[in-house]
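The values are calculated or read from the model by the stated rules, or taken from the named source; none is laboratory data. Because the structure is predicted, anything quoted here is derived from the model rather than measured. Here the Cβ is made from the backbone with ideal geometry for all residues, glycine too, and neighbour counts use every protein chain on show. Keep in mind that these areas ignore ligands, DNA and RNA; they rest on the heavy atoms of the full protein, side chains included. Shrake-Rupley method; radii C 1.70, N 1.55, O 1.52, S 1.80 Å.
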Amino acid sequence: MNDKRYIDVDWKNGMRIRFDYNNMLAENVGSAGITEADIMNMRPRFTKAVENMRNKRKSMEWRELPYQNKDLIEDIKQTAKYIQENYDAFVVFGIGGSALGPIAVHTALNNLRYNELDKQLRKTPKFYVEDNIDPERIRSLFQVIDPKRTMFNVITKSGNTPETMAQMLIITDVLKKALGSGFSKNLIATTDELKGNLIKIASEYGIKTYYIPSGVGGRFSELCPVGLLPAAVCGIDIEELLAGAAYMDSIIESSDSNPAYMFGALSVIAYEKGNNISVMMPYADSLKYIADWYAQLWAESLGKRLDNDNKQVFCGQTPVKALGVTDQHSQIQLYTEGGFDKVVTFIKVDRFREEVTIPHELKQYEDISYLCGHTLNELISAELFGTEYAISKSGHLNNMLILSEVNAFTIGQLLYFFEVATAFAGELLNINAFDQPGVEEGKNVAYALLNRKGYEDKLKELQSIKPKDEKYIK
Ligand code: PA5
């Protein structure tokens, strides 16, 4: 890899992500599209949201993550090197914003069969992100790793999330049995510096710790140690990732009609015209989990009952994950002929890291011989063009993000782009994009059922609920 290629202005500009929103407009897709009048109507809210983004920048600590302290970056790189030299596997225990970013960045930037590669080729430890508490899954993890040769990174901002803390208890037990009193050398905690239980446990047992800045919420945390340590362990250039995010920040700051604000604004206009669904459809396996990461960001940030004036609004577009071309054979029928209730965002990659030519085989079969001599790259690109055309022709809204290549610089841009677009959409909708009150009730019920202290009243409430009627269960 060229060292610090992102310093070169021409290279950087060549890697600039582009946002194409032609097919959001009525002039291109017809009556369901966004009109001049829609844009004019949005203008006052747009101007206000721009002002709010400017005024609130200091409180949005995640916006400064691209410019992190050099000592911290150095420390992460050193730790990653130590792990690469001394461990066979690296396991993240975390959930939601403490897992989806590491999964998305790793999948985007590493070999798609990373864990299955021969060690000589992979060079870095195997990588697992355990973001569920399915008992079968954790058992199966211990069938493929040796805990003595594995570094476990427990990530939780709150330091209290039950799923992650349950994993922490399990791994502590496993490591104590495997390593005795030195068990903590195979653990790294990434958490809030002051709040929660993980920080207390880490300091009691001398566990190496990275901090999640207090103003950085889970789904906005990929560019802090939550994402940077796992990425560095897997051999990703984290400085290039941050440089990409900083570059996107400079694009955003240089103009109010920047791509992130435009994405946020057009999404909100489309939503208010009845498009309740946001389909994220990358045409690259490497970006498959970017769609998962986006789904959490968009759903948890914008799905809100109350607005900032405490008015009930029940707002938010429902994100749907799709993958091109795979889901052309499962979802596209609906997107071309179904209701006018969705916006499809394609993510296109101009240059894949590989090129595969379809061989001149079986040429006697005329109906498939047209494929011979073309590349898979041409085929995927033709299919994306065709799908975009078909969806537009049927009058459905769509837009496209274009990446010259998938590399750490473009992924850094993409993450920052979506984060700012989400925050901007939150401003336009006049909601708080940074909390998640809607996930509390379900958690409280689970605590009560497990007899957690302080949840006695919730348990009483549960005991008084009407039992389900058997006649409706077949
Ligand atoms: O975005 C968020 O804040 C949430 O999705 C959290 O990331 C998720 O609930 C996990 O929380 P924590 O990191 O505190 O364990």
Taking 223-232, 32-41, 132-141 and ranking on average Cβ neighbours within 10 Å, highest first, one gets 223-232, 32-41, 132-141
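Which trypsin sites (Lys or Arg not before Pro) in the range 299-394 sit in a loop by DSSP (not H, G, I, E or B) and have at most 14 other Cβ atoms within 10 Å of their own Cβ?
LYS311, ARG351, ARG353, LYS363
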As straight-line cross-link partners of LYS468, the qualifying lysines (C-alpha separation under 22 Å, not fewer than 8 residues apart within one chain) are LYS443, LYS458, LYS460
Label model pair ALA166, LEU121: point-to-point distance (7 angstrom along the Cα→beta-carbon line) in nm is 3.7
Expressed per residue, the solvent accessible area of the chain in Å² (1.4 Å probe) is about 49
Exposed-loop cut sites defined as chymotrypsin sites (Phe, Trp or Tyr not before Pro) in DSSP loop states with at most 12 other Cβ within 10 angstrom; longest site-free run of the chain spans 1-364
Computed, not fitted: 222 nm per-residue ellipticity of the chain from DSSP H runs ≥ 4 (each -39500 (n - 2.57)), nearest 500, equal to -14500 deg cm²/dmol
Row for the range 320-379, column shape: gyration tensor on C-alpha, a ≥ b ≥ c, rounded if a/c < 1.5 i.e. under 1.5, prolate if a/b over b/c, else oblate; value oblate
For the range 1-139, the convex hull over Cα atoms projects on average to an area in nm² of 14.8
Per the rule of 0.36 nm per residue minus the C-alpha distance, extending SER158 to SER255 adds in nm 31.4 nm
Which of LYS148/LYS177; LYS58/LYS304; LYS126/LYS157 exceed 19 Å between C-alpha atoms? The answer is LYS58/LYS304; LYS126/LYS157
Taking only Cα atoms of the range 151-300, the Rg to Rh ratio with Kirkwood Rh works out at 1.06
Trypsin sites (Lys or Arg not before Pro) in the range 1-74 lying in a DSSP loop, each with at most 15 other Cβ atoms within 10 Å of its Cβ, come to LYS4
Once LYS177 and GLU456 are pulled to full extension, the length gained, defined as 0.36 nm per residue separation minus their Cα-Cα distance, is 97.0 nm
Heads up, the range 70-180 by the C-alpha gyration tensor (a ≥ b ≥ c square roots of eigenvalues; a/c under 1.5 rounded, else a/b over b/c prolate, else oblate) looks rounded
With the label point 7 Å along the Cα-to-beta-carbon line of ASN86 and a cut-off under 12 Å to each amide N, the hits in the range 171-215 are 183-188, 208
Inter-part gap, Cα centre of the range 425-470 to Cα centre of the range 122-196, in whole angstrom, is 27
Given backbone amide H placed at 1.01 Å from N, residues whose amide H is under 5 Å from that of TYR210, ignoring those fewer than 5 places away on the same chain, are ALA189, THR190, THR191
Relative to the compact-globule estimate 2.2 N^0.38 Å (N residues), the Cα gyration radius of the chain stands at a ratio of 1.04
Ratio for the range 278-421, C-alpha Rg to 2.2 N^0.38 Å, reads 1.25
Rh (Kirkwood, all Cα-Cα pairs) for the range 386-431, Å, reads 12.9
For VAL343, the residues 5 or more places away or on another chain with a placed amide H closer than 5 Å to its own amide H are ILE277, SER278, VAL279
Out of ASN186, ILE170, ILE155 - ranked by how far each Cα lies towards the positive end of the dipole of the range 119-199, with unit charges on the beta-carbon of charged residues - the top one is ASN186
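On the protein heavy atoms, probe 1.4 angstrom, tell me the percent of accessible surface of the chain carried by carbon and sulfur. Present the calculation step by step, with values, prior to reporting the outcome.
Working: 12110 of 23380 Å².
Looking at the chain in its full context, I get 52 percent from C and S.
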Expressed in nanometres to one decimal, the distance between label points 7 Å along Cα→Cβ at TYR370 and ASP134 is 4.0
For ASN28 and GLU405, extending 7 Å from Cα along the Cα-Cβ vector and measuring point to point gives, in nm, a value of 2.7
